[in-house]
Amino acid sequence: MVSGIREMKRLPVGIQTAGWFDEKDPAKSFRFARECGFESVDYNIDTIIRIGRDEAGNSYSFMDKTDEDLLQYYEPFKAAAEVNNIKISQIHAHYPTYVVGDEERNAYHIKVMERILFVSRFLECPAVVIHPTKTPDRGQEREINLTMCRNMIPAALKYNVMICIENSLKRINKNVVQAIWTDVEEINWYIDTLNAEAGKEVFGFCLDTGHSHIVGRDVEMLIEDLGSRLKVLHIHDNNGTEDEHLIPYTQNPGNKGMGQIGWDGVIKALRKMNYEGALSFECARGVKLLPEGARREGMELISAIGRYFRKAIIEG
Amino acid sequence: MKEKLLVGIGSKELLPESNLEDNLRMLKECGFESVIYSIKENDLKMQANRHVYFGAFFKAAKNAGIAISQIHFKYDEEIKECNDYIESLHNALHICNTLKCPFLVIDPIQLKDSVQEKEINLKIYRSLTPVAKKYDIKICLINTIKCAGGYHQHAIQGACADAAEAVWYIDTLNVEAGEEIFGFCLDTGCANVTARDMERFIITLGSRLKCVHISDNNGISDDHLMPYTQTLGQVDWQGFIAGLNRIGYEGALTFDVSRSIHTFPEEVRPHAMKVIAAVGKCMRKSIEAES
């Protein structure tokens, strides 16, 4: 295993940083996370990278900083996390990480990924999550995604950080439908193929519970079939028709054709597969729906759900 | 001085009879200041020594610092005998008095024939006027939905779903009573699934609005969910707050979300209730701020 996932406390309860984290004041932000009951964060570095293009047509972003400048930027971030006993369980990379037909930009994306992996190493974060590239031609799609992932292997090995591919969605006639990395056979094929090429376990999976639910997948069965490839989670709920990123248990489970995720099944499968990674919630929208004065309570509710999940996974 | 806009929650499903006082204290710790007490017709029949039972509830609530803002009486299934039903409602008024509760919310009866529905509802509510006067209790009608049938059981408007109809009932009954005995309880969930304009509904009711039952849904089924948890079809909370501000509403802000709370695992429920109480306090602040 490349990463230090197993060195972390088993099943830390985490939250994505998007939506509440103040990048300019990490001390306050990590203290808030701890006060709300969280033990880890999914750092949304995607929200600050902001890739643009200058007048000469060259790409630029926040990640162009030198090693020294990046370390200087992230030192207070790391210190604040440590003081508050918060682990960075995973980092969410920018997306897209590949643009069909734009080789200048694609080379730049790989450079940005290398910088993210550098930051991950510094923050002692064991996993970086990436989205796939989606194209209408499945053959081309496979080649593009394999190439994209292969190009990340050297940096992943250098910094000893795992890359987790995430199940995704696409829309046809405004309807949400399955996309690449939705079905377990395909997911496992990608991970096993890429790891064999890397000669080491460099790739793993990030299961987005909401994305699976919305395309009608049995999340319990998916977890079991992924087995030890499952490294990180994006936990959130929806009504089965829109990718809403809501707090688990807030939808009516009895609504015909809609309803919430079968959380009992998710817990059962994570227990069966001896999952040990973070229980990381990606519910920024669910919190943001609440009036500002109730958002702290919303965050506390999420961490309480996480602790319940952990207890149920460990104790059955 | 009477406290305004107390944040409350439906108590019946949340409070098993064992450790009543502890459970009421738990509600207080979660941030609630009042409760609705729901009674079904059968509960009354089964509770032989009801004055002792409800007296104990009153004492426990008082000790916990929780006000009983209203009693909600619901008929069980089908009303077979109107006089028996009226007797049950009289008993509910007595319980209201025992609990020193100022409002009794009674669902209007629903019939296919709207003329007959109005006649029977007027007969029932009229019969309560003397006892309500004696105890100084206000009786609140409430907006309802009914099922259109079919596979999806689509919800459609029931009795008092229209503000104008509600106003007619209340004004007719109050004129007959010679004083303000009747008022209204707005159920936000029922209003939402029947696509009512929340702000306009509240403004039409004006000072007749005495209580609210707050819950959210997706605009299709009356799910009794926590407010601000829906991305599609949720209640127009901005209109709700603006309407309450405009009419100078002073009653309780009571959440009728027991189904939503029971969806959470048991040990997580207090945290869900804290979110609801916090939402209630935000609503209160917004209603007061706009004044």
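When only Cα pairs below 8 angstrom with a gap of at least 6 residues are kept, the stretch B:64-183 shows a relative contact order of 24 percent. Within the stretch B:7-289, DSSP assigns beta bridges of which about 10% are antiparallel (rounded to the nearest 5).
Normalised by the number of residues in the stretch A:143-296, what is the relative contact order in percent for Cα pairs under 8 Å and 6+ residues apart?
Numbers: 245 pairs, mean separation 29.3, N = 154.
Worked out over the stretch A:143-296, it gives 19 percent.
Computed from the Cβ-Cβ distance with R0 of 25 Å, the FRET efficiency linking B:E87 to B:K28 stands at 0.10.
Identify the trypsin sites (Lys or Arg not before Pro) of the stretch A:213-269 meeting these criteria: DSSP loop state and at most 15 other C-beta atoms within 10 Å of the C-beta.
Numbers: sites: A:R217, A:R229, A:K231, A:K256, A:K268; in loops: A:R217, A:K256.
Hits after loop and neighbour filter: A:K256.
Between A:E55 and B:K133, the modelled labels are 8.7 nm apart [label points 7 Å from Cα along Cα→Cβ]. You can think of it this way: the chain between A:E124 and A:Y95 has 8.2 nm of extra reach, that is 0.36 nm per residue less the Cα-Cα gap. For chain A, the Cα gyration tensor yields ellipsoid semi-axes of 28, 25, 20 Å (square root of five times each eigenvalue, largest first, whole Å). Rounded to the nearest whole Hz, the Karplus-based 3J(HN,Hα) values (6.51 cos²θ - 1.76 cosθ + 1.60, θ = phi - 60°) of the stretch A:266-271 follow the sequence 4, 4, 4, 5, 5, 5, with x at glycine and proline. For the protein assembly as shown, the carbon plus sulfur part of the accessible surface works out to 48%, probe radius 1.4 Å.
With protein chains left intact and a 1.4 Å probe, residues in the protein assembly as shown average 42 Å² of accessible area per residue.
Could you report the buried accessible area between A and B, both sides summed, computed with a 1.4 Å probe and given in Å² to the nearest 100?
Details: alone 13990 and 13750 Å², together 25450 Å².
Heavy-atom accessible area buried at this interface is about 2300 Å².
Three principal axis extents of chain B based on alpha-carbon atoms, in descending order, are 46, 45, 44 Å.
With the biggest extent put first, the Cα atoms of the stretch B:158-291 measure 50, 32, 24 Å across the principal axes. The loop-placed GluC sites (Glu not before Pro) in the stretch A:47-95, going by DSSP, that have at most 15 neighbouring Cβ atoms within 10 Å of their Cβ come out as A:E55. Count the DSSP beta bridges whose two residues both fall in the stretch A:5-315, then state the antiparallel fraction as a percent rounded to the nearest 5. Here the antiparallel bridges make up roughly 20 percent for the stretch A:5-315. A straight Cα-to-Cα reach below 23 Å connects A:K111 with the lysines A:K65, A:K78, A:K134, A:K158, A:K200, residues fewer than 8 places away in its own chain not being considered. Along the positive direction of the dipole of the protein assembly as shown (beta-carbon charges: Lys, Arg +1; Asp, Glu -1; about the Cα centre), which of B:A64, B:G8, A:A56 reaches farthest? Looking along the dipole axis, the top candidate is B:A64.
In summary, the lysines within cross-link reach of A:K311, defined as a Cα separation below 18 angstrom excluding same-chain residues under 8 places away, comprise A:K9, A:K268, A:K272.
For the stretch B:106-203, chymotrypsin sites (Phe, Trp or Tyr not before Pro) meeting the loop criterion (DSSP other than H, G, I, E, B) and having at most 10 other Cβ atoms within 10 Å: B:Y151.
Across chain B, the longest piece that holds none of the GluC sites (Glu not before Pro) lying in DSSP loops with up to 15 other C-beta atoms within 10 Å covers B:82-178.
The values are calculated or read from the model by the stated rules, or taken from the named source; none is laboratory data. Please read these numbers as outputs of a predicted model, since none were measured by experiment. In this analysis, Cβ positions are derived from the backbone assuming ideal geometry, glycine residues included, and neighbour counts consider all displayed protein chains. Heads up: the accessible areas ignore ligands, DNA and RNA and are worked out on the full protein's heavy atoms, side chains in. Shrake-Rupley method; radii C 1.70, N 1.55, O 1.52, S 1.80 Å.
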